[in-house]
1. Within the accessible area of the chain, what % is carbon and sulfur when the probe is 1.4 Å and the other protein chains stay in place?
2. Put one equal scatterer on each alpha carbon of the chain, apply the Debye formula with no solvent term, and list log10 I(q)/I(0) at q = 0.08, 0.12 1/Å to two decimals.
3. Can you tell me the dipole magnitude for the stretch 38-164 around its Cα centre, using point charges on the Cβ only (Lys, Arg +1; Asp, Glu -1), in Debye to the nearest 20?
4. What number comes out for the charge environment of R275, summing +1 per Lys or Arg and -1 per Asp or Glu over other residues with Cβ under 13 Å away?
5. Could you identify which residue out of N407, N32, N380 has the top mean-square fluctuation in a GNM of the chain using Cα springs shorter than 10 Å?
6. Between beta-carbons, use under 12 Å as the cut-off and find the net charge around E285, counting Lys and Arg +1, Asp and Glu -1.
7. Provide, for q = 0.17 Å⁻¹, the log10 of I(q)/I(0) from a solvent-free Debye sum over equal Cα point scatterers in the stretch 1-69.
8. If one takes the longest principal axis of the Cα atoms in the chain, at what angle in degrees, from 0 to 90 and to the nearest 10, does the Cα axis of helix 113-133 lie?
Amino acid sequence: MSSSQSPRQTAVFLLDQVLGERRLMAELLALNALEALKPADRARAQRLATETLRGLERIDRVLERHLRKKPPLRVHNILRLATQELCSGGDAHGVVNDAVSLTAAGNRTKHMKGLVNAVLRKVAESGPADWSKLRVPRLPNWLRKPLVEAYSGEVMGQIEAAHFAGAPLDLTAKGNAEQLAEQLAGQLLPNGSVRLATGGQVSALAGFDTGDWWVQDAAAALPVAVLDPQPDETILDMCAAPGGKTMQLAASGASVTAVDDSETRMQRVIENLARTKLTATLCVEDALTHAGGPYDAILLDAPCSATGTIRRHPDLPHAKDGSEFSSLIELQGRMIDHAITLLKPGGRLVFCTCSLLPDEGECQTEEALARTPNLCVDRNSLDRTFIDPQWHSAEGGLRLRPDFWSNLGGLDGFYIVVLRLNSSH
(Lines give C-alpha, C1' and ligand atoms only; values in the text may rest on other atoms or scores of the structure.)
Protein backbone atom coordinates (compact mmCIF):
# COMPACT_ATOMS: atom_id res chain seq x y z
CA MET A 1 0.00 0.00 0.00
CA SER A 2 1.48 3.39 -0.93
CA SER A 3 1.19 6.42 1.34
CA SER A 4 -1.24 8.05 -1.11
CA GLN A 5 -3.72 5.21 -0.66
CA SER A 6 -7.29 6.35 0.13
CA PRO A 7 -9.73 4.41 2.36
CA ARG A 8 -11.90 3.55 -0.68
CA GLN A 9 -8.92 2.37 -2.72
CA THR A 10 -7.76 0.23 0.21
CA ALA A 11 -11.28 -1.17 0.67
CA VAL A 12 -11.32 -2.25 -3.01
CA PHE A 13 -7.93 -3.93 -2.47
CA LEU A 14 -9.38 -5.85 0.51
CA LEU A 15 -12.39 -6.92 -1.58
CA ASP A 16 -10.08 -8.07 -4.40
CA GLN A 17 -8.12 -10.20 -1.94
CA VAL A 18 -11.15 -11.74 -0.21
CA LEU A 19 -13.27 -12.37 -3.32
CA GLY A 20 -10.46 -13.03 -5.80
CA GLU A 21 -7.76 -14.71 -3.71
CA ARG A 22 -10.01 -16.14 -0.95
CA ARG A 23 -7.93 -14.54 1.77
CA LEU A 24 -9.42 -13.71 5.15
CA MET A 25 -9.49 -10.08 6.24
CA ALA A 26 -7.76 -10.99 9.54
CA GLU A 27 -4.87 -12.50 7.55
CA LEU A 28 -4.59 -9.34 5.44
CA LEU A 29 -4.61 -7.10 8.52
CA ALA A 30 -1.94 -9.28 10.17
CA LEU A 31 0.19 -8.70 7.05
CA ASN A 32 -0.20 -4.92 7.58
CA ALA A 33 -2.43 -4.33 4.54
CA LEU A 34 -3.61 -1.08 6.15
CA GLU A 35 -0.27 0.02 7.57
CA ALA A 36 0.15 3.06 5.27
CA LEU A 37 -3.16 4.60 6.35
CA LYS A 38 -3.75 6.84 9.36
CA PRO A 39 -5.66 5.05 12.17
CA ALA A 40 -8.97 6.77 11.34
CA ASP A 41 -8.60 5.91 7.62
CA ARG A 42 -7.76 2.30 8.51
CA ALA A 43 -10.99 2.03 10.47
CA ARG A 44 -12.93 3.53 7.54
CA ALA A 45 -11.33 1.27 4.89
CA GLN A 46 -12.06 -1.82 6.99
CA ARG A 47 -15.64 -0.67 7.64
CA LEU A 48 -16.29 -0.02 3.93
CA ALA A 49 -14.99 -3.46 2.90
CA THR A 50 -16.84 -5.22 5.74
CA GLU A 51 -20.17 -3.53 4.96
CA THR A 52 -19.79 -4.36 1.26
CA LEU A 53 -19.18 -8.04 2.04
CA ARG A 54 -22.08 -8.07 4.50
CA GLY A 55 -24.52 -6.79 1.86
CA LEU A 56 -22.92 -8.52 -1.14
CA GLU A 57 -26.00 -10.47 -2.24
CA ARG A 58 -28.15 -7.31 -2.24
CA ILE A 59 -25.42 -5.27 -3.92
CA ASP A 60 -25.09 -7.77 -6.75
CA ARG A 61 -28.86 -7.88 -7.22
CA VAL A 62 -28.96 -4.07 -7.52
CA LEU A 63 -26.06 -4.07 -9.99
CA GLU A 64 -27.48 -6.92 -12.14
CA ARG A 65 -30.25 -4.59 -13.28
CA HIS A 66 -27.74 -2.23 -14.85
CA LEU A 67 -25.09 -4.64 -16.21
CA ARG A 68 -25.39 -6.74 -19.37
CA LYS A 69 -22.51 -8.98 -18.26
CA LYS A 70 -20.30 -9.30 -15.21
CA PRO A 71 -17.25 -6.97 -15.45
CA PRO A 72 -13.69 -7.97 -14.42
CA LEU A 73 -13.33 -8.49 -10.65
CA ARG A 74 -11.52 -5.19 -9.92
CA VAL A 75 -14.20 -3.15 -11.71
CA HIS A 76 -16.95 -5.25 -10.17
CA ASN A 77 -15.55 -4.55 -6.69
CA ILE A 78 -15.32 -0.80 -7.37
CA LEU A 79 -18.98 -0.93 -8.43
CA ARG A 80 -19.90 -3.04 -5.38
CA LEU A 81 -18.23 -0.68 -2.93
CA ALA A 82 -19.87 2.37 -4.53
CA THR A 83 -23.29 0.65 -4.64
CA GLN A 84 -23.09 -0.15 -0.93
CA GLU A 85 -22.32 3.50 -0.17
CA LEU A 86 -25.02 4.86 -2.50
CA CYS A 87 -27.68 2.55 -1.08
CA SER A 88 -26.68 3.54 2.46
CA GLY A 89 -27.16 7.26 1.87
CA GLY A 90 -23.65 8.17 0.69
CA ASP A 91 -23.10 11.42 -1.21
CA ALA A 92 -23.74 10.44 -4.86
CA HIS A 93 -21.39 13.02 -6.38
CA GLY A 94 -18.39 12.06 -4.22
CA VAL A 95 -19.01 8.30 -4.39
CA VAL A 96 -19.43 8.20 -8.19
CA ASN A 97 -16.47 10.50 -8.85
CA ASP A 98 -14.18 8.43 -6.62
CA ALA A 99 -15.29 5.18 -8.26
CA VAL A 100 -14.60 6.60 -11.74
CA SER A 101 -11.17 7.86 -10.59
CA LEU A 102 -10.29 4.45 -9.13
CA THR A 103 -11.27 2.79 -12.41
CA ALA A 104 -9.31 5.30 -14.49
CA ALA A 105 -6.18 4.82 -12.34
CA GLY A 106 -5.64 1.21 -13.45
CA ASN A 107 -4.10 0.38 -16.85
CA ARG A 108 -6.32 -2.69 -17.15
CA THR A 109 -9.49 -0.93 -16.06
CA LYS A 110 -9.28 2.67 -17.33
CA HIS A 111 -11.20 1.84 -20.51
CA MET A 112 -14.22 0.96 -18.30
CA LYS A 113 -14.55 4.30 -16.49
CA GLY A 114 -17.47 5.29 -18.77
CA LEU A 115 -19.32 2.10 -17.84
CA VAL A 116 -18.70 2.68 -14.13
CA ASN A 117 -19.96 6.25 -14.39
CA ALA A 118 -23.13 5.25 -16.30
CA VAL A 119 -23.98 2.29 -14.04
CA LEU A 120 -23.46 4.19 -10.79
CA ARG A 121 -25.57 7.16 -11.93
CA LYS A 122 -28.43 4.70 -12.47
CA VAL A 123 -27.75 3.06 -9.07
CA ALA A 124 -27.78 6.49 -7.42
CA GLU A 125 -31.29 7.08 -8.83
CA SER A 126 -32.97 3.76 -8.20
CA GLY A 127 -30.62 1.80 -5.91
CA PRO A 128 -31.81 2.98 -2.47
CA ALA A 129 -35.46 2.11 -3.32
CA ASP A 130 -34.44 -1.26 -4.83
CA TRP A 131 -32.25 -2.03 -1.80
CA SER A 132 -35.03 -1.95 0.75
CA LYS A 133 -37.17 -4.40 -1.27
CA LEU A 134 -34.51 -7.12 -1.44
CA ARG A 135 -34.32 -10.03 1.02
CA VAL A 136 -31.77 -10.22 3.81
CA PRO A 137 -28.54 -11.64 2.31
CA ARG A 138 -28.17 -15.38 2.78
CA LEU A 139 -25.11 -17.45 3.50
CA PRO A 140 -23.64 -19.44 0.59
CA ASN A 141 -25.27 -22.87 0.21
CA TRP A 142 -22.17 -24.81 1.32
CA LEU A 143 -22.63 -23.32 4.79
CA ARG A 144 -26.33 -22.53 4.85
CA LYS A 145 -27.42 -26.12 4.17
CA PRO A 146 -25.78 -27.77 7.24
CA LEU A 147 -26.94 -24.90 9.45
CA VAL A 148 -30.55 -25.18 8.25
CA GLU A 149 -30.34 -28.92 9.05
CA ALA A 150 -29.08 -28.07 12.55
CA TYR A 151 -31.41 -25.18 13.40
CA SER A 152 -34.31 -25.02 10.83
CA GLY A 153 -34.94 -22.55 8.03
CA GLU A 154 -36.81 -20.15 10.31
CA VAL A 155 -33.94 -19.91 12.81
CA MET A 156 -31.46 -19.59 9.95
CA GLY A 157 -33.41 -16.55 8.73
CA GLN A 158 -33.05 -14.98 12.21
CA ILE A 159 -29.32 -15.76 12.26
CA GLU A 160 -28.87 -14.19 8.81
CA ALA A 161 -30.79 -11.09 9.92
CA ALA A 162 -28.33 -10.81 12.84
CA HIS A 163 -25.39 -11.19 10.42
CA PHE A 164 -26.78 -8.43 8.21
CA ALA A 165 -27.31 -6.11 11.20
CA GLY A 166 -23.59 -6.37 12.00
CA ALA A 167 -21.98 -6.31 15.42
CA PRO A 168 -21.56 -3.57 18.00
CA LEU A 169 -18.24 -3.17 19.82
CA ASP A 170 -17.98 -5.07 23.11
CA LEU A 171 -15.34 -4.41 25.76
CA THR A 172 -14.23 -6.39 28.80
CA ALA A 173 -13.24 -4.16 31.72
CA LYS A 174 -10.07 -4.90 33.66
CA GLY A 175 -11.70 -3.36 36.72
CA ASN A 176 -15.19 -1.96 37.37
CA ALA A 177 -17.41 -2.58 34.33
CA GLU A 178 -20.13 -0.23 35.57
CA GLN A 179 -17.66 2.67 35.74
CA LEU A 180 -16.35 1.84 32.27
CA ALA A 181 -19.88 1.83 30.83
CA GLU A 182 -20.47 5.29 32.35
CA GLN A 183 -17.12 6.63 31.15
CA LEU A 184 -17.68 5.52 27.53
CA ALA A 185 -21.48 6.05 27.48
CA GLY A 186 -21.82 2.32 26.81
CA GLN A 187 -24.41 -0.27 27.79
CA LEU A 188 -23.63 -2.69 30.62
CA LEU A 189 -24.70 -6.15 29.42
CA PRO A 190 -26.06 -8.84 31.78
CA ASN A 191 -22.70 -10.69 31.77
CA GLY A 192 -20.67 -7.56 32.64
CA SER A 193 -19.42 -6.75 29.12
CA VAL A 194 -19.69 -3.10 28.03
CA ARG A 195 -21.33 -2.58 24.63
CA LEU A 196 -20.76 0.48 22.45
CA ALA A 197 -23.22 1.17 19.63
CA THR A 198 -20.51 2.38 17.25
CA GLY A 199 -17.01 1.04 16.84
CA GLY A 200 -14.84 3.60 15.09
CA GLN A 201 -11.18 3.87 15.98
CA VAL A 202 -10.64 1.62 19.00
CA SER A 203 -7.24 3.03 19.98
CA ALA A 204 -8.78 6.52 20.30
CA LEU A 205 -11.25 5.46 23.00
CA ALA A 206 -10.64 6.59 26.58
CA GLY A 207 -8.85 3.94 28.62
CA PHE A 208 -7.17 2.16 25.70
CA ASP A 209 -3.65 3.47 26.40
CA THR A 210 -4.00 2.87 30.12
CA GLY A 211 -5.15 -0.71 29.58
CA ASP A 212 -8.50 -0.34 31.35
CA TRP A 213 -10.24 -2.71 28.91
CA TRP A 214 -9.87 -4.87 25.83
CA VAL A 215 -12.12 -5.63 22.86
CA GLN A 216 -13.98 -8.94 23.27
CA ASP A 217 -17.42 -9.98 22.09
CA ALA A 218 -19.76 -10.68 25.01
CA ALA A 219 -20.09 -14.33 23.92
CA ALA A 220 -16.29 -14.73 23.89
CA ALA A 221 -16.14 -13.46 27.49
CA LEU A 222 -18.50 -16.19 28.75
CA PRO A 223 -16.12 -19.22 28.72
CA VAL A 224 -13.90 -17.63 31.40
CA ALA A 225 -16.98 -16.50 33.34
CA VAL A 226 -18.24 -20.10 33.61
CA LEU A 227 -14.70 -21.41 34.29
CA ASP A 228 -14.82 -19.09 37.34
CA PRO A 229 -11.04 -18.75 37.90
CA GLN A 230 -9.88 -18.35 41.50
CA PRO A 231 -6.79 -16.40 42.68
CA ASP A 232 -4.93 -19.45 44.01
CA GLU A 233 -5.46 -21.66 40.93
CA THR A 234 -3.09 -22.74 38.16
CA ILE A 235 -4.85 -22.39 34.81
CA LEU A 236 -3.80 -23.25 31.25
CA ASP A 237 -5.07 -21.25 28.28
CA MET A 238 -4.40 -23.79 25.54
CA CYS A 239 -4.91 -21.64 22.41
CA ALA A 240 -4.28 -18.19 23.80
CA ALA A 241 -3.93 -15.67 20.95
CA PRO A 242 -4.97 -12.89 20.62
CA GLY A 243 -5.22 -12.95 24.42
CA GLY A 244 -8.71 -11.80 25.47
CA LYS A 245 -9.34 -14.87 27.60
CA THR A 246 -5.74 -14.89 28.89
CA MET A 247 -6.30 -11.34 30.18
CA GLN A 248 -9.60 -12.34 31.79
CA LEU A 249 -7.89 -15.25 33.56
CA ALA A 250 -4.91 -13.09 34.62
CA ALA A 251 -7.20 -10.35 35.94
CA SER A 252 -8.75 -12.92 38.31
CA GLY A 253 -5.38 -13.32 40.05
CA ALA A 254 -4.91 -16.93 38.93
CA SER A 255 -1.49 -18.22 37.87
CA VAL A 256 -1.93 -18.44 34.09
CA THR A 257 0.07 -20.32 31.47
CA ALA A 258 -0.81 -19.27 27.92
CA VAL A 259 0.12 -21.47 24.95
CA ASP A 260 -0.05 -20.68 21.24
CA ASP A 261 1.88 -22.20 18.33
CA SER A 262 2.32 -18.92 16.42
CA GLU A 263 5.06 -16.50 17.38
CA THR A 264 3.31 -13.73 15.42
CA ARG A 265 -0.01 -14.26 17.21
CA MET A 266 1.74 -14.60 20.57
CA GLN A 267 3.27 -11.17 19.97
CA ARG A 268 -0.30 -9.83 20.14
CA VAL A 269 -0.75 -11.51 23.54
CA ILE A 270 2.50 -9.94 24.76
CA GLU A 271 1.35 -6.48 23.59
CA ASN A 272 -2.11 -6.90 25.13
CA LEU A 273 -0.71 -8.07 28.49
CA ALA A 274 1.77 -5.16 28.52
CA ARG A 275 -0.97 -2.62 27.75
CA THR A 276 -3.25 -3.97 30.48
CA LYS A 277 -0.36 -4.53 32.95
CA LEU A 278 -1.38 -8.16 33.47
CA THR A 279 0.97 -11.14 33.69
CA ALA A 280 0.98 -14.70 32.40
CA THR A 281 3.60 -17.31 31.55
CA LEU A 282 3.73 -17.52 27.74
CA CYS A 283 4.80 -20.60 25.74
CA VAL A 284 5.13 -20.60 21.95
CA GLU A 285 4.49 -24.27 21.23
CA ASP A 286 1.97 -26.71 19.81
CA ALA A 287 -0.78 -27.16 22.40
CA LEU A 288 -0.76 -30.90 21.65
CA THR A 289 2.85 -31.20 22.88
CA HIS A 290 2.48 -29.01 25.98
CA ALA A 291 3.54 -31.02 29.03
CA GLY A 292 2.98 -28.60 31.93
CA GLY A 293 0.67 -28.97 34.88
CA PRO A 294 -1.20 -30.72 36.24
CA TYR A 295 -3.56 -27.74 36.24
CA ASP A 296 -6.57 -26.88 38.38
CA ALA A 297 -8.40 -25.74 35.26
CA ILE A 298 -7.87 -25.56 31.51
CA LEU A 299 -9.50 -23.31 28.93
CA LEU A 300 -9.53 -24.80 25.43
CA ASP A 301 -10.85 -22.29 22.89
CA ALA A 302 -10.07 -24.67 20.06
CA PRO A 303 -9.26 -23.80 16.43
CA CYS A 304 -12.57 -23.97 14.56
CA SER A 305 -14.54 -22.85 11.51
CA ALA A 306 -15.30 -19.46 13.19
CA THR A 307 -18.80 -19.66 11.68
CA GLY A 308 -20.19 -17.99 14.81
CA THR A 309 -18.34 -14.74 14.07
CA ILE A 310 -19.79 -13.95 10.62
CA ARG A 311 -21.74 -10.91 11.86
CA ARG A 312 -18.38 -9.23 12.51
CA HIS A 313 -16.36 -11.18 9.88
CA PRO A 314 -18.59 -11.31 6.77
CA ASP A 315 -15.54 -12.17 4.65
CA LEU A 316 -15.49 -15.72 6.05
CA PRO A 317 -18.23 -17.30 3.88
CA HIS A 318 -16.61 -15.78 0.77
CA ALA A 319 -13.00 -16.72 1.59
CA LYS A 320 -13.74 -20.28 2.78
CA ASP A 321 -15.57 -23.26 1.29
CA GLY A 322 -15.78 -25.67 4.23
CA SER A 323 -13.08 -28.01 2.92
CA GLU A 324 -10.98 -27.66 6.10
CA PHE A 325 -13.83 -28.37 8.55
CA SER A 326 -13.23 -32.11 8.91
CA SER A 327 -9.55 -31.63 9.81
CA LEU A 328 -10.51 -28.96 12.38
CA ILE A 329 -13.09 -31.28 13.95
CA GLU A 330 -10.49 -34.07 14.22
CA LEU A 331 -7.96 -31.63 15.79
CA GLN A 332 -10.52 -30.48 18.38
CA GLY A 333 -11.03 -34.07 19.55
CA ARG A 334 -7.28 -34.60 19.91
CA MET A 335 -6.94 -31.36 21.84
CA ILE A 336 -9.71 -32.32 24.27
CA ASP A 337 -8.03 -35.69 24.89
CA HIS A 338 -4.64 -34.04 25.49
CA ALA A 339 -6.13 -31.40 27.79
CA ILE A 340 -7.62 -34.13 29.99
CA THR A 341 -4.12 -35.57 30.57
CA LEU A 342 -2.97 -32.17 31.92
CA LEU A 343 -5.75 -31.81 34.50
CA LYS A 344 -5.52 -32.48 38.24
CA PRO A 345 -8.04 -35.02 39.58
CA GLY A 346 -11.27 -33.06 40.06
CA GLY A 347 -10.00 -30.38 37.66
CA ARG A 348 -12.26 -28.70 35.15
CA LEU A 349 -11.91 -28.19 31.43
CA VAL A 350 -13.86 -25.54 29.54
CA PHE A 351 -14.08 -26.49 25.88
CA CYS A 352 -15.42 -23.82 23.54
CA THR A 353 -15.52 -22.89 19.87
CA CYS A 354 -16.81 -19.77 18.07
CA SER A 355 -18.73 -22.07 15.73
CA LEU A 356 -22.39 -22.63 14.86
CA LEU A 357 -21.77 -26.21 13.69
CA PRO A 358 -22.87 -28.90 16.20
CA ASP A 359 -19.94 -31.08 15.00
CA GLU A 360 -17.65 -28.48 16.63
CA GLY A 361 -19.67 -28.30 19.83
CA GLU A 362 -22.39 -30.62 21.08
CA CYS A 363 -21.02 -33.62 19.14
CA GLN A 364 -17.49 -33.06 20.50
CA THR A 365 -18.83 -33.17 24.06
CA GLU A 366 -20.83 -36.35 23.46
CA GLU A 367 -17.82 -38.06 21.86
CA ALA A 368 -15.40 -36.94 24.61
CA LEU A 369 -17.74 -38.35 27.28
CA ALA A 370 -17.94 -41.64 25.37
CA ARG A 371 -14.13 -41.86 25.09
CA THR A 372 -13.40 -40.90 28.72
CA PRO A 373 -15.55 -42.68 31.35
CA ASN A 374 -14.26 -40.56 34.26
CA LEU A 375 -15.21 -37.30 32.51
CA CYS A 376 -18.55 -35.64 33.25
CA VAL A 377 -20.38 -32.44 32.34
CA ASP A 378 -20.51 -29.89 35.17
CA ARG A 379 -23.99 -28.43 34.63
CA ASN A 380 -23.89 -26.49 37.91
CA SER A 381 -21.15 -24.22 36.51
CA LEU A 382 -23.71 -22.90 34.02
CA ASP A 383 -26.17 -21.89 36.74
CA ARG A 384 -25.56 -18.13 36.38
CA THR A 385 -27.95 -15.21 36.41
CA PHE A 386 -26.66 -13.92 33.05
CA ILE A 387 -27.25 -17.25 31.27
CA ASP A 388 -30.61 -17.45 29.52
CA PRO A 389 -32.32 -20.86 29.95
CA GLN A 390 -32.77 -21.13 26.15
CA TRP A 391 -28.99 -21.24 25.76
CA HIS A 392 -28.75 -24.67 27.44
CA SER A 393 -28.17 -27.63 25.10
CA ALA A 394 -29.26 -31.22 25.72
CA GLU A 395 -25.79 -32.66 26.50
CA GLY A 396 -25.10 -30.02 29.16
CA GLY A 397 -23.33 -27.19 27.34
CA LEU A 398 -24.34 -23.76 26.11
CA ARG A 399 -25.33 -23.02 22.51
CA LEU A 400 -25.15 -19.31 21.72
CA ARG A 401 -26.49 -17.95 18.43
CA PRO A 402 -26.17 -14.53 16.74
CA ASP A 403 -29.96 -13.99 17.01
CA PHE A 404 -29.91 -14.31 20.83
CA TRP A 405 -30.00 -11.01 22.76
CA SER A 406 -31.41 -9.48 19.56
CA ASN A 407 -32.92 -6.61 21.61
CA LEU A 408 -29.40 -5.82 22.89
CA GLY A 409 -27.58 -6.17 19.55
CA GLY A 410 -26.91 -9.91 19.34
CA LEU A 411 -24.04 -12.23 20.24
CA ASP A 412 -21.39 -14.18 18.37
CA GLY A 413 -22.28 -17.82 17.83
CA PHE A 414 -20.46 -19.94 20.43
CA TYR A 415 -20.46 -23.36 22.04
CA ILE A 416 -19.28 -23.69 25.66
CA VAL A 417 -19.18 -26.68 27.99
CA VAL A 418 -17.59 -27.25 31.42
CA LEU A 419 -16.17 -30.77 31.77
CA ARG A 420 -14.88 -32.16 35.05
CA LEU A 421 -12.42 -35.00 35.61
CA ASN A 422 -13.68 -37.24 38.42
CA SER A 423 -11.24 -37.45 41.35
CA SER A 424 -11.32 -41.26 41.24
CA HIS A 425 -8.97 -41.38 38.21
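The values are calculated or read from the model by the stated rules, or taken from the named source; none is laboratory data. Predicted model, so just to flag it, every value in this text is computed and none were measured. We place every Cβ from the backbone using ideal geometry, glycine too, and count neighbours over all the protein chains shown. In case anyone asks, the SASA skips ligands and DNA or RNA and just uses the protein heavy atoms, side chains included. Shrake-Rupley method; radii C 1.70, N 1.55, O 1.52, S 1.80 Å.
1. In the chain, the share of accessible area belonging to carbon and sulfur is 49 percent.
2. These q points yield log10 I(q)/I(0) values of -0.48, -1.02.
3. Dipole size: approximately 520 debye.
4. 0
5. Looking only at N407, N32, N380, the biggest GNM fluctuation is shown by N407.
6. Overall, the nearby charge balance is -4.
7. -0.63
8. That helix lies at roughly 60 degrees to the long axis.
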